[in-house]
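Q: Let me give you the structure first, and then I'll get to my questions.
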Amino acid sequence: MKIYFKNYTFLLAIVFIFLIGCQKDDEQITKEVLQEIVKPESTTTAFKAHLVKLAKIGNTTLSGGRGYKNMAAFRKVEGSASPGNELHHIVEQNGFKGLNEQKFGKTNIHNTKNLIDIPGKDAGTLHKKVTGYYNSKDSRFSDTKIIREWLADKSFQFQYDFGIARLKELGWDGITGIIK
């Protein structure tokens, strides 16, 4: 029975997605783990390189802070947003197609270093502006993709730096709302 390359690719993609979903204690899938899973005889070099790239995206440079498995756990310990404010993830919790928690680990996404307490309940507030921006296209970065989609393959650190820069561009002072 002859199995075509695209079948291997599909199978390996499913295995990779399964492994991401089965991460223990938010450990990231490392290059070594991928090399063990993806043997040369079962796929091409290009596909293996793509999987290694995805694993590297999952590594963060966010240090310090207190991380939680979800927002309910975060709120239970750290509290909710101030009156009239919303908690904003600098690196989005879902991102494009809802993959950021899986790529970067829940404790990095729901972390005191990745969340800020900013004005957000009313139209025209900073949180609404940021949300609107991430749902729009910006020709400085892409003519065809909305910002969320454009950021999808970027590293945690890139998304974090980008998020801080956009917050400041939209009026954040860089201090207000930081969770200590």
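The values are calculated or read from the model by the stated rules, or taken from the named source; none is laboratory data. Only a predicted model underlies this, so the values are computations on that prediction, with no experimental measurement involved. So basically every Cβ, Gly included, is an ideal-geometry build from the backbone, and we count neighbours across all protein chains shown.
Q: Of all residues in the range 56-105, how many are in a helix (DSSP H, G or I), modelled with pLDDT of 90 or more and among the aliphatic types (A, V, I, L, M)?
A: 4
Q: Also, I was wondering about something else. In the set Ile164, Ile116, which member is of a type in the set (A, V, I, L, M, F, W, C) and buried (at least 21 other Cβ atoms within 10 Å of the Cβ)? Steps first, answer last, please.
A: Details: Ile164 fails: buried (at least 21 other Cβ atoms within 10 Å of the Cβ).
Ile116 is the lone residue from the list that is of a type in the set (A, V, I, L, M, F, W, C) and buried (at least 21 other Cβ atoms within 10 Å of the Cβ).
Q: Give me a count of the residues in the range 119-161 that are surrounded by 15 or more Cβ atoms within 10 Å (Cβ to Cβ), of a type in the set (Val, Ile, Thr) and more than 18 Å from Gln93 (Cα to Cα).
A: Qualifying residue count, the range 119-161: 1.
Q: When the range 167-178 is examined, which residues are found to be buried (at least 17 other Cβ atoms within 10 Å of the Cβ) and of a type outside the set (Gly, Ala, Ser)? Quick ask: steps written out before the conclusion?
A: Within the range 167-178, the first condition is being buried (at least 17 other Cβ atoms within 10 Å of the Cβ), and the residues that meet it are 167, 172, 177.
Of everything in the range 167-178, those that are buried (at least 17 other Cβ atoms within 10 Å of the Cβ) and of a type outside the set (Gly, Ala, Ser) turn out to be Leu167, Trp172.
Q: Something else: Quick test of your reading of the structure: Gly98 fulfils all but one of (1) farther than 21 Å from Lys168 by Cα; (2) more than 12 Å from the chain's Cα centre (by Cα); (3) loosely packed, with under 13 Cβ neighbours inside 10 Å. Name the failing condition by number.
A: (2)
Q: Let me ask you something else. Can you report the number of residues in the range 106-128 which are within 19 Å of Ala72 (Cβ to Cβ) and modelled with pLDDT under 90?
A: Result for the range 106-128: 1.
Q: Name the pairs whose Cβ atoms lie under 9 Å apart, with the first residue in the range 117-131 and in contact (Cβ under 8 Å) with a residue 12 or more places away in the chain, the second among the aromatic types (Phe, Trp, Tyr), and 6 or more positions between them or separate chains?
A: Going by the 9 Å Cβ cut-off, the qualifying pairs are Ile118/Trp172; Leu126/Trp172; Val130/Trp172.
Q: If Gly124 satisfies all but one of (1) at negative phi; (2) in a loop (DSSP other than H, G, I, E, B), what's the number of the condition it fails?
A: Answer for Gly124: the failing condition is (1).
Q: Among the listed residues Glu78, Glu92, identify the single one that is surrounded by fewer than 20 Cβ atoms within 10 Å (Cβ to Cβ) and of a type outside the set (Val, Ile, Thr). Steps first, answer last, please.
A: Details: Glu92 fails: surrounded by fewer than 20 Cβ atoms within 10 Å (Cβ to Cβ).
Going through Glu78, Glu92 in turn, the sole match is Glu78.
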